[in-house]
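So the structure is just underneath, and the comments pick up after that.
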Protein chains: 4
Amino acid sequence: MTFASDNWAGAAPEIIAAIADANEGAVPAYGGDDLTKRVERRFAEIFDCDLSVFFVATGGAANGLALSVMTPPYAMVLCHEESHIQMDECAGPEFFTGGAKLLPIAGAGGKLTVDAISKALSGFPERPPHGAPASVLSLTQGTECGTRYSVDELKSLTKFAHDAGLLVHVDGARFANAVAASGKSPADLSWRSGVDVLCFGGTKNGCIAAEAVVFFDKDKAHDFEMRRKRAGHLLSKMRFIAAQFDAYLTDDLWLRLAGQANQMAAKLSAGLAAIDGVAISYPTEINEVFACFPDGIAEKLRAEGYWLYPWITPGDPANGKMSRMITSFRTTDEEVETYLDLVRRLI
Amino acid sequence: MTFASDNWAGAAPEIIAAIADANEGAVPAYGGDDLTKRVERRFAEIFDCDLSVFFVATGGAANGLALSVMTPPYAMVLCHEESHIQMDECAGPEFFTGGAKLLPIAGAGGKLTVDAISKALSGFPERPPHGAPASVLSLTQGTECGTRYSVDELKSLTKFAHDAGLLVHVDGARFANAVAASGKSPADLSWRSGVDVLCFGGTKNGCIAAEAVVFFDKDKAHDFEMRRKRAGHLLSKMRFIAAQFDAYLTDDLWLRLAGQANQMAAKLSAGLAAIDGVAISYPTEINEVFACFPDGIAEKLRAEGYWLYPWITPGDPANGKMSRMITSFRTTDEEVETYLDLVRRLI
Amino acid sequence: MTFASDNWAGAAPEIIAAIADANEGAVPAYGGDDLTKRVERRFAEIFDCDLSVFFVATGGAANGLALSVMTPPYAMVLCHEESHIQMDECAGPEFFTGGAKLLPIAGAGGKLTVDAISKALSGFPERPPHGAPASVLSLTQGTECGTRYSVDELKSLTKFAHDAGLLVHVDGARFANAVAASGKSPADLSWRSGVDVLCFGGTKNGCIAAEAVVFFDKDKAHDFEMRRKRAGHLLSKMRFIAAQFDAYLTDDLWLRLAGQANQMAAKLSAGLAAIDGVAISYPTEINEVFACFPDGIAEKLRAEGYWLYPWITPGDPANGKMSRMITSFRTTDEEVETYLDLVRRLI
Amino acid sequence: MTFASDNWAGAAPEIIAAIADANEGAVPAYGGDDLTKRVERRFAEIFDCDLSVFFVATGGAANGLALSVMTPPYAMVLCHEESHIQMDECAGPEFFTGGAKLLPIAGAGGKLTVDAISKALSGFPERPPHGAPASVLSLTQGTECGTRYSVDELKSLTKFAHDAGLLVHVDGARFANAVAASGKSPADLSWRSGVDVLCFGGTKNGCIAAEAVVFFDKDKAHDFEMRRKRAGHLLSKMRFIAAQFDAYLTDDLWLRLAGQANQMAAKLSAGLAAIDGVAISYPTEINEVFACFPDGIAEKLRAEGYWLYPWITPGDPANGKMSRMITSFRTTDEEVETYLDLVRRLI
């Protein structure tokens, strides 16, 4: 256990078993098989509404393809300056959308506010065809900083966005953690709060490679299928993604996995907060803990094999001081305790 | 068994087992793990040379990304008019390359000849900046029509291409079948015959989703890594692709799987050829059989559950008459015999 | 006079004068000026219908931008294999459309036929999302080979295209020559014959740099304005393009200029045809003459300063033998006679 | 005179005359003519160094094409948040570069500082392939806010950029104004201060449509020619852009035109500063004046026909209060005085 990333954790045993089970017989490729169709319908039940859903293997593909059908290539996507689409996808959204502009906006704890968005938009008054018009508001739920948007926050953000003519995209690589932590239903945290398109992640939460792009307005998905194929993201043996989601959504596995990760983060956060000299940077609301250690401690922890990711915020004078620790469905109480003991010993 | 596609066949048990085995412990994401590094080195052994190799999940991604580092966006890729990159990727190569042009060229049995390429190129004399200059020759090995290029054919094609200043790309979705059928080494069928970049397929031959892009000149791979990430094709839990290739390349599993598919195709082809009224369309050199049945027979076979893909050739007056049948590692003697019996009964 | 290209000819004096005249006073930029608005309305009169029109400076921009609003980026534009968009724009259409595929189709004398298009399309049956679906038929009027489509030919081509769900684009870099030669009205040769979008050229026919993209269905132009700006093709001092078109469309200047060019081509063609050993390659229907001279003659003509463009047809065994000669509004009877005398003397 | 934009001003008489003069005879198209070649060489004299230069018709094309050869498509261009490439080109740079990211950075008076850039970059540590790596620093000289970079400022910015591995691009739509106002040589304000590529504007300063992209390292221009053609920005009758630059660069016309605009701005700025209640927003260092008028005054000035552009700064609480006034080579002392009288009367 290194607390480096939920991507380091491998897959849940149920997911591995589902892949093995799905290997029976010859079935149509490219999602024409019964399992894929059945699991697609399962999403409608989970979200309690009619919807269109598409499976891909990575979160970057999910975000990029979703945005590519939400914005024209000459328009602008508003996003948090620390969001994955801005910081971690190597200009992928610009690639998928054919050149749409990303407008990075600052906000405490990885969260955008109506005020910040409004201020940013005030700099881009309507003057076609000169400025790229804003087309999409992209939110991350749970955020890159381990926080969550409440239903109320979501509703005011999506209302503002819709009033301004924008569609709302949610990067939900850790949507499961947000749902599990909030106690809200998937519907409450998505379309009932005004979300138009949700990238629903499985990979970080115990799948091998399984992401779903969910369109709550089926009409808005019109050419997603063509764009997915064009970008090489239509898997021929689609049944193996479907199988992962099948297991993931059965008996609330996804919420149990996320819940375990969340609890371990909470325990880790509380333990660190109680140690003199350690400052927790953001509220620990999902499975990520951010903290500043006394000088030299992070280095020592790394030397002990804990891969603390140094969290960097654009323009932050404290850059390099903050460490990110991520828990996963595999993290155990014992691992957290061993780590806390080490931190206490080192300080 | 439907003979529809090798993509319908699921995965070999060794591949499934390898995925399960790879699920131990926390390891670095994005290909930083030891298994990925070890399997990358394994490719160098298999191909008997130093090389750069990158894993992705689909053949469309492999081809598109490979081409994107081989051609500038204003240049032209020569390919067979029935090639996968021209006919089956929904303009994916144009997308990945940022708008490079594909020049489709006709050729019997899915194969390009020096003569056909030379004639096509004669229509595009050097006159920068007006015409898009040719930059890449793309071949398919084994071809979409179930044929193979011999070492001699490859050498003359790649020599012609290199003399004309082109790089040579091979779409090797069925490279394993070509190697197994030819009895040549992977090196003989690739770099020793002048191939610059090979998309080495695993998916159609018993993997779940595993394709490798192999650069025989490491310098030519310079920004593949960035382009793969940008396009959402860098899997976070890369170990699970690496694991597939690990098993695939162990004890010649890949050649055994391909060999079985090839043998079943040979048996099927020979059996069909012996039936009065059935005409084999192309030499059966890998795991694909193309045949024209008497009127009405293909429909009856489909009604019996055999998903015969109607093969279409641009501009061919016989369009709609030809049926494609594909075998896989899972195809059995019994299945072929049952099918041949049915064909005989129906005619 | 070199017969090299109508692009070598400079501008008509009326066009130069109009630019000077338009230089009065401060007027809104980017097409917000009265002159631009007035000239835009003038197009509606010339074409006898309501329409949307946009001015740009080059034919490559006109074609690329027009296609970019006519096709999604994953679809396919059918065009003649010798068309300007395929051969002469350095993969520009692929760039502007974000990666749409061009499907080159052969046809005698630079012209497409329903039969050739139908045959080409038969190779691309509907099978989304695998093949790029055909979205646009692009015709050139007058063609690259100096021929013209008749109204009847246009009507059957556009009917076939519309029945197949395609929009019809016309590259009209030499539309003026086609109109002048046919004696038909601009409307007859465009929307009344089923053309959806016309790139109406001025540059080759006596303007400095003036092309108009005409949408006969205003709804189809929806985001052209944004795409033109994004591509750097919205001129700030738009009045100077508008002024060119103002003069060009006044008192039929455009038809007089084109008529002169056409007549000189006819005279040149007839003169060459009468010379033993010279073979006219295509009917001379606008301002381009194609001929094969006896061996060595073309070289001698070039040595005398006549820049004969060697016309290349993809896959044509006669490549290199055919010479293109283009006349312009500036070509005089005397120049043609002098040239014919020279040819006669050399043979 | 409206002070709306230097784009409203039309062209200098010398420019118009040069176009008329260039209309003699048939000359090669696409820049193959002697005039174009001669004027290209003239740039080397003006800048006192060997260089490559390319002509286009718009500033958006110049910037977009320049950036497209300076950055790979997965990298990042640093620019001022009020720069033209970020605010006014409808996501053009993203289009031309094939999807490179723009990182907008704040800075007083339209100017970037080493400190601001350094802080912004600190948020993007090297971690390929996840974050888009910074590739280019784009500066604007003179700026969108009417200010200028001094030679010292330029040198420290370009040194910082080069040390960080970035190339330096300058949007010089008003480079002439900056040179005229600074008294420095074109070389001092460009390559001698570390600028790699300069977009040298003519259009805003008395040309009709003439922009030059200047590469001070000829090797860096390697495929500009192909990209210009592909984007429809290679004018066939290139002589007419060359002619504009020929006149523009003769007898310092460009500096005289810019000098007049600058002086009128200085006079306007001084006049306004002397009026109680009017606050000059930025130092008036070229031909742009920014001021805040007492409430209601800007509206009254607009009602009198002065088209005051309301200057918007992203995130600025004073948005909507600031007015931009631009002078041009055509602005006269009398016009400025008449305007100042009006302002005085209205307040």
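Under a point-charge model restricted to the Cβ atoms of Lys and Arg (+1) and Asp and Glu (-1), what is the dipole moment magnitude of segment A:12-251 relative to its Cα centre, in debye to the nearest 20?
Roughly 320 debye, rounded to the nearest 20.
Which links in A:K119/D:K321; C:K119/C:K159; C:K237/D:K204; A:K204/A:K300 stretch past 18 Å when you go from one Cα to the other?
Over 18 Å Cα-Cα: A:K204/A:K300.
At 222 nm, what helix-only mean residue ellipticity would chain B give, in deg cm²/dmol to the nearest 500, using -39500 (n - 2.57) for each DSSP H run of four or more?
-11500 deg cm²/dmol
Using only the Cα atoms of segment A:118-262, build the gyration tensor, take square roots of its eigenvalues as a ≥ b ≥ c, and label the shape rounded, prolate or oblate: rounded if a/c is under 1.5, else prolate if a/b is larger than b/c, else oblate.
Cα axes put segment A:118-262 in the oblate bin.
I'd like the distance separating the alpha-carbon centroids of segment A:1-77 and segment C:220-291, in whole Å.
The distance from the Cα centre of segment A:1-77 to that of segment C:220-291 comes to 53 Å.
Residue of B with Cβ nearest the axis relating B to D, plus distance in whole Å?
Output: B:G98, 2.
For each of D:I275, C:I326, count neighbouring Cβ atoms within 10 Å of the residue's Cβ, then give the residues from fewest to most.
D:I275, C:I326
Got a sec? Charge dipole of chain C, +1 on Cβ for Lys and Arg, -1 for Asp and Glu; which of C:A221, C:P283, C:I16 is way out at the positive end?
C:A221
So which residue, out of D:A75, D:A108, D:A12, gets the largest mean-square fluctuation from a GNM of chain D using Cα contacts under 10 Å as springs?
Maximum fluctuation in the GNM of chain D, among the listed residues, is at D:A108.
Select from C:Y74, C:Y248, C:Y149 the residue whose mean-square fluctuation is largest in a Gaussian network model of chain C (Cα-Cα springs shorter than 10 Å).
Fluctuation is largest for C:Y74.
Counting Lys +1, Arg +1, Asp -1, Glu -1, what net charge surrounds A:A291 among other residues with beta carbon under 11 Å of its beta carbon?
Spelling it out: positives minus negatives among the neighbours equals +1.
Which of rounded, prolate, oblate describes the protein assembly as shown, given a ≥ b ≥ c as roots of the alpha-carbon gyration tensor eigenvalues and a/c under 1.5 marking rounded, otherwise prolate only if a/b is larger than b/c?
oblate
Residues with beta-carbon under 14 Å from that of C:A22, excluding C:A22: net charge, scoring Lys, Arg +1 and Asp, Glu -1?
-2
Can you put A:C292, D:C79 in order, fewest other beta carbons within 10 Å first?
A:C292, D:C79
Along the positive direction of the dipole of segment D:14-251 (beta-carbon charges: Lys, Arg +1; Asp, Glu -1; about the Cα centre), which of D:Q244, D:L157, D:P72 reaches farthest?
Value: D:P72.
What nm distances, shortest first, do you get from the label point of C:R344 to those in the other copies when the point sits 7 angstrom along Cα to Cβ?
8.1, 8.1, 11.2
Rounded, prolate or oblate: which fits segment A:245-320, taking a ≥ b ≥ c as square roots of the Cα gyration tensor eigenvalues, rounded meaning a/c under 1.5, else prolate when a/b beats b/c?
The shape class here is prolate.
Counting alpha carbon pairs within less than 8 Å and at least 6 residues apart, what relative contact order, in whole percent, applies to chain A?
Relative contact order here is 23 percent.
May I ask you to list the GluC sites (Glu not before Pro) in segment C:1-109 that are in a DSSP loop and have at most 16 other Cβ atoms within 10 Å of their Cβ?
Sparse-neighbourhood loop GluC sites (Glu not before Pro): C:E24.
Which distances, shortest first and in nm, link D:A303 to the matching position in the other copies, using label points set 7 Å out along Cα to C-beta?
Copy-to-copy label distances at D:A303, shortest first: 7.6, 8.0, 8.5 nm.
Among bridges DSSP assigns within segment C:13-251, what percent are antiparallel (round to 5)?
Close to 35 percent.
With label points built 7 Å along Cα→Cβ from the Cα atoms of C:E45 and D:E334, find their separation and express it in nm.
Each label point is offset 7 Å from its Cα along the Cβ direction, giving 3.5 nm.
Inverting the mean 1/r over all pairs of different Cα atoms, compute the Kirkwood radius of segment B:1-91 and quote it in Å.
16.7
How much net charge surrounds D:G109 when only the other residues with a Cβ under 12 Å from the Cβ of D:G109 are counted, with Lys and Arg +1 and Asp and Glu -1?
-3
Based only on other Cβ atoms within 10 Å, what is the fewest-to-most ordering of C:W307, A:W311, D:W254?
Placing the least packed residue first, the sequence is C:W307, A:W311, D:W254.
If you build a Gaussian network model of chain C, linking Cα atoms that sit under 10 Å apart, which residue out of C:A303, C:A221, C:A258 swings the most?
C:A303
Taking the Cα centre of the protein assembly as shown as the origin, how large is its charge dipole in debye, to the nearest 20, when only Lys and Arg (+1) and Asp and Glu (-1) carry charge on their Cβ atoms?
0
For segment D:14-251, what is the largest minus smallest coordinate of the Cα atoms on each principal axis, given in angstrom and ordered from greatest to least?
Answer, in whole Å and largest first: 58, 38, 30 Å.
Given label points at 7 Å from Cα along Cα→Cβ, what nm distances, shortest first, separate B:T113 from the same residue in every other copy?
2.6, 7.2, 7.4
Read-outs: derived from the displayed coordinates by stated rules, not from any lab. This is a predicted model, so every value here is computed, not measured. Note that we place each Cβ from the backbone using ideal geometry, even for glycine, and neighbour counts take in every protein chain shown.
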